[in-house]
1. Every residue in segment 44-55 that is part of a loop (DSSP other than H, G, I, E, B) and either of a type outside the set (Gly, Ala, Ser) or under 18 Å from the mean Cα position of the chain (by Cα) (or both), please.
2. Could you check segment 7-32 and list, in sequence order, the residues that are surrounded by 10 or more Cβ atoms within 10 Å (Cβ to Cβ) and either within 21 Å of LYS60 (Cβ to Cβ) or modelled with pLDDT of 65 or more (or both)?
Amino acid sequence: MCESECVPAGYSKCSVCRAFTAMPRKTKQLTFDEILTNLRSSQFDVREAPGVAGQYRVEKYGCAAVIARASDGNGVAFVARPGFVLGGEIGHLLDRGFQKSLKTSRLEIAATADHLKAIHRFSEELKEVAGSPSLYNESIGTTSDDYFYDRLKGRDTKPIPRSPAPWDANDAH
């Protein structure tokens, strides 16, 4: 139990136990330069993207993403979503229904559980440092860049021959 009646700035007195509790505070929107500094201090490898002004390639855990300054001047915009690095390129995650795969312009391989864990961990840490929102569906697992279900490919190109429905028969009453 608290005996003091003075409440320090930024704290409120709990109505139940009368203890001091910290009040939630609004987070300060970081500038792009502050985000780059925080990424470097969090052991991310941050380099300028070759041949493109204002874009940075961020790497950690064998994964990478390309970021740039957001249009409003604060925060980051993802130029290339997080993916696993294959042969120097960022492999984008494809979902083929039964198998996830990583694809670059020259290579496509099956994604393993280790690949998916690394991409998920990298994405979550990058969002946390950058101050980007972490969405529920992205927080519970790795989301793919594209979804292709080959069992549905060409499904509607030719109608399947079927017998007429009973109500379509000519001799129906």
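The values are calculated or read from the model by the stated rules, or taken from the named source; none is laboratory data. From a predicted model like this one, the values you see are computed outputs, not experimental measurements. Heads up, the Cβs are rebuilt from the backbone with ideal geometry, glycines too, and the neighbour counts pull from every protein chain shown.
1. Correct list: PHE44, PRO50, VAL52.
2. Those that are surrounded by 10 or more Cβ atoms within 10 Å (Cβ to Cβ) and either within 21 Å of LYS60 (Cβ to Cβ) or modelled with pLDDT of 65 or more (or both): GLN29, LEU30, THR31, PHE32.
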